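Below is one structure, written out as structure tokens, with a few remarks after it.
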Amino acid sequence: MTDPAALVDLTIESLGAQGDGIARHDGKGVFVAYALPGERVRARLSPKGGNAFTGRMQEIVTASPERVVPPCPLFARCGGCGLQHYSLPAYRAWKQQQVATTLGQRGIDLPAGTGMVTVEAGNRRRAVFAARKERGEIAFGFHAAMSDEIVPLDDCLLLTPGLSAGLGGLRQLAGVALAEKQAADIHVTDSLAGLDVLVTTDGDLPMGRRQAVIAAANAAGLARLSWQHGRRQPEPIVMARVPQMRFGDILVDLPIGSFLQPSAEGEAALVAAVTTYVGKARRIADLYAGCGTFSFPLAKIGRVLAVDAAKPAIAALAAAVNRAQLSGRVEGMARDLEQSPLPPPDLKPFEAVVFDPPRAGAEMQARMLAKSRVGKVVAVSCNPASFARDARILLDAGFALEKLAIVNQFVWSAHVELVALLRRR
Ligand SMILES: C[S@@+](CC[C@H](N)C(=O)[O-])C[C@H]1O[C@@H](n2cnc3c(N)ncnc32)[C@H](O)[C@@H]1O
């Protein structure tokens, strides 16, 4: 049996779903972060639980020809990116292969012509930063990989220019907002009106610090600053301008902490695939609609019912509908689709149904769609595994997977987004 602290030489056979190199040792899998397929590496083992080891890489004995110099000096310290050391063509081919393998495990083949759109770095318009105050000093940046350590950040290649330019002001804000030993997550969206910031932490913002926080938010030019203690209602602290986004031609006021696709370019690619796949339809249901990312572009095709569990998102969508005098064209409905998926009678009016659930997928709704007479389903997913499970339900009910588009909008990470057209045969 291997001494778990032993140094061993390993040959990396493949990359796992999280982007770690995978080797075998003593009949067990070894996961080695930052190692690439084909490489020979020297690693120190530690048990990972189950039938696996973690291998901490000590040396690259033989490097892959696909290994490149990571563009960011913080790479492998900062947990924000996992795959900057892989050449772009190899990285893209691996992502496409990941989707093919995950679907293959459910007996689903990639349709002919499946392509991938890649979003360039420098377009991430949403990010969550970590901040903590220790001995009067503020640490502000991203967490190190699988660690509480905060890697300080002056710039980041992933972020939009607006987010990058805001980093100094956000650090100053965290410095005056947090008490000694207090930690916070700082959620930032680069909206059309400027930065929309939500601080989530384990306490209220006390009166004694409030004026300094308001001054720091104004000095940083934030559009809005909100504060959330645990899971309580977020409280707006500063509202200089209403943070808005444009979906199709329609301006929507963003609710505090609401979902938004991570980049405008990724969103445009998803919207293009969704509207093309829907094609012609008089009535469309947009399930897991958020604030209307797809609903408003789809409203140019047909009448849209937009459904989401988040009441603030549906209220924001409804307000935008009223302002744009789109009532009759787009209707919002707040509903939990996991607890109460739309049943076949409610699905009857729709010629096309779009769904874009969180990572867990839309299993209950897929079961209802399988029993319904809806002819066209367009599935958007950030998790190929739950997509494959839900698609299998539809395929078993007589749908065919006609088209698939992969959107690589999580640059230098192992994540992918995809859009699929399933049509009832
Ligand atoms: C991946 S986001 C997609 C949102 C929107 N389609 C977009 O592109 O901006 C998933 C959405 O599902 C909603 N959601 C999560 N759980 C839900 C549930 N059980 N029922 C209905 N909606 C849910 C979230 O509020 C969120 O808006």
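Points worth noting:
- Around residue 361: net Lys/Arg minus Asp/Glu count, Cβ-Cβ under 10 Å: -1
- Take every Cα pair under 8 Å whose residues are at least 6 apart in sequence, average their separation, divide by the length of region 7-62, and the relative contact order is 33 percent.
- Note on residue 300: aspartates and glutamates with a C-alpha under 16 Å away, same-chain residues under 8 apart excluded, are 249, 286, 331, 351.
- Spatially proximal lysines relative to residue 48 (Cα-Cα < 16 Å; intrachain offsets below 8 disregarded): 28
- Charge dipole (Cα centre; +1 on Lys/Arg Cβ, -1 on Asp/Glu Cβ; no other charges) of region 126-244 amounts to roughly 360 debye.
- Considering only beta bridges that DSSP places wholly inside the chain, some 70 percent are antiparallel.
- Set of lysines near residue 371 by C-alpha distance (under 17 Å), chain-local residues within fewer than 8 positions excluded: 348
- Think of each Lys and Arg Cβ as +1 and each Asp and Glu Cβ as -1; about the Cα centre, that makes the dipole of the chain roughly 1120 debye.
- Taken as Cα centroids, region 359-420 and region 108-152 sit 25 Å apart, rounded to the nearest whole angstrom.
- At least 30 Å along the helix axis (C-alpha) and Kyte average at least 0.5, DSSP helices within the chain: none
- A cut-off under 14 angstrom between Cβ atoms defines the neighbours of residue 123, and their net charge, with Lys, Arg +1 and Asp, Glu -1, is -2.
- Farthest toward the positive end of the dipole of region 7-62, out of 37, 14, 51, is the Cα of 51, where the dipole comes from beta carbon charges about the Cα centre.
- Protection-proxy order for peptides 297-309, 221-233, 80-92, each taking the mean of Cβ atoms within 10 Å per residue, highest first: 297-309, 80-92, 221-233
- Packing rank of 66-75, 9-18, where each peptide gets the mean count of other beta carbons within 10 Å, highest leading: 9-18, 66-75
Read-outs: derived from the displayed coordinates by stated rules, not from any lab. Computed from a predicted model, the values in this text were never measured in an experiment. Cβ coordinates were reconstructed from backbone atoms using ideal geometry, including for glycine residues, and neighbour counts include every protein chain displayed.
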